[in-house]
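**Student:** Structure in structure tokens, see below.
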Amino acid sequence: MKKHSATTIILKRELFTWFGSFMSWLVTGLFLISTGLFFFSTFFIQQLASLRNFFSLLPILFAFFIPAITMRLFAEESRSGSLETLMTLPVSSAQAVAGKYLAAFISCAAMLLPTVSYAFTAKMFGNPDAGPIIGGYIGALFLAAAYSAIGLFASASSKNQIVAFFVGFAICIILSILDSFLIFLPAGITNFLAFFSATTHFESISKGIIDSRDLLFFISLTVIFLGLTIKAEEGRRAA
């Protein structure tokens, strides 16, 4: 199998499996119901044409829904034994991880895509600032990229999908709510821990302020957890 095609083959297989499953429609449906409630509660109840509530809760929603997307990618194959078959093929751990990661990220982007209709709705009935909306979706993609890597690592660390989900959820939710606990800590510790808050970096981008430090945080988080996933797979092959 050619190096340049192995990742693509795995990517296509995972996308076909995911979008052909009932789980994909369930996860996407629940996500859109959840985000729709937050957006339209602002739109109709507060009579405000804004996506602020939607973006403010997106890190917590992603912390739940993205691990649901990624939990099966390695864990299910480990349980069924098909991962051992994959290991016998001329596919490196990095290629396998890359293919599955890209499938997870594309699946997350596809789940997010219908919410663009909220922006059009807000624009139709109001005059929202385009900067925060564009920044919010850019931040959402970087957030999804990082959480997909975390979820993939959780899946590679367990043979049980449920365990993989909860491990991924635990890591993502800690990164999502860390900023909520900073007010109880001394200023010196707060400034240090604030850097590790995914919500803090996401909110900065969602204000329409594209700071390289925020982007670097999500890129670093993604690279670190992809590296840990590759190490986990290499350890599994060596076992």
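**Student:** Might you check whether a residue that is touching a residue at least 24 places away in the same chain (Cβ under 8 Å), within 13 Å of the chain's Cα centre (by Cα) and closer than 22 Å to Ser34 by Cβ occurs anywhere in segment 113-135?
**Tutor:** No, segment 113-135 has no match at all.
**Student:** Count, please, the residues in segment 182-212 that happen to be at pLDDT below 70 and either hydrophobic (A, V, I, L, M, F, W, C) or not in a helix (DSSP H, G or I) (or both).
**Tutor:** Result for segment 182-212: 6.
Conditions tested, residue by residue: (1) free of Cβ contacts under 8 Å to residues at least 24 places away in the same chain; (2) assigned to a helix (DSSP H, G or I); (3) touching a strand residue (DSSP E or B) at 6+ places or on another chain (Cβ under 8 Å); (4) closer than 17 Å to Ala144 by Cβ.
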position: Leu216; (1), (2), (3), (4): yes, yes, no, yes
position: Leu221; (1), (2), (3), (4): no, yes, no, yes
position: Thr229; (1), (2), (3), (4): no, yes, no, yes
position: Arg236; (1), (2), (3), (4): no, yes, no, no
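This table checks each residue for (1) over 16 Å from Thr70 (Cβ atoms); (2) surrounded by fewer than 24 Cβ atoms within 10 Å (Cβ to Cβ); (3) polar (S, T, N, Q).
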position: Ile138; (1), (2), (3): yes, yes, no
position: Tyr147; (1), (2), (3): no, no, no
position: Ile150; (1), (2), (3): no, no, no
position: Ser155; (1), (2), (3): no, no, yes
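**Student:** Ser155: under 23 Å from Gly99 (Cβ atoms), assigned to a helix (DSSP H, G or I) and among the small types (Gly, Ala, Ser), yes or no?
**Tutor:** So Ser155 fits the description; yes.
For every residue, the table says whether it meets (1) within 12 Å of Pro59 (Cα to Cα); (2) small (Gly, Ala, Ser); (3) buried (at least 22 other Cβ atoms within 10 Å of the Cβ).
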residue: Leu141; (1), (2), (3): yes, no, no
residue: Asp179; (1), (2), (3): yes, no, no
residue: Ala194; (1), (2), (3): no, yes, no
residue: Ala198; (1), (2), (3): yes, yes, yes
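**Student:** Of everything in segment 97-121 that's small (Gly, Ala, Ser) and touching a helix residue (DSSP H, G or I) at 6+ places or on another chain (Cβ under 7 Å), which residue is surrounded by the fewest Cβ atoms within 10 Å (Cβ to Cβ)?
**Tutor:** Filtering first and then ranking leaves Ala109.
**Student:** Residues being at pLDDT 85 or above and in contact with a helix residue (DSSP H, G or I) (Cβ under 7 Å, 6 or more places away or on another chain): count how many of those fall in segment 42-92.
**Tutor:** 20
For every residue, the table says whether it meets (1) modelled with pLDDT under 90; (2) assigned to a loop (DSSP other than H, G, I, E, B); (3) surrounded by fewer than 14 Cβ atoms within 10 Å (Cβ to Cβ).
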| residue | (1), (2), (3) |
| --- | --- |
| Met1 | yes, yes, yes |
| Phe16 | no, no, yes |
| Gly36 | yes, no, no |
| Phe40 | yes, no, no |
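The values are calculated or read from the model by the stated rules, or taken from the named source; none is laboratory data. Keep in mind that what you see is a predicted model, and the values were worked out from it rather than measured. Cβ coordinates were reconstructed from backbone atoms using ideal geometry, including for glycine residues, and neighbour counts include every protein chain displayed.
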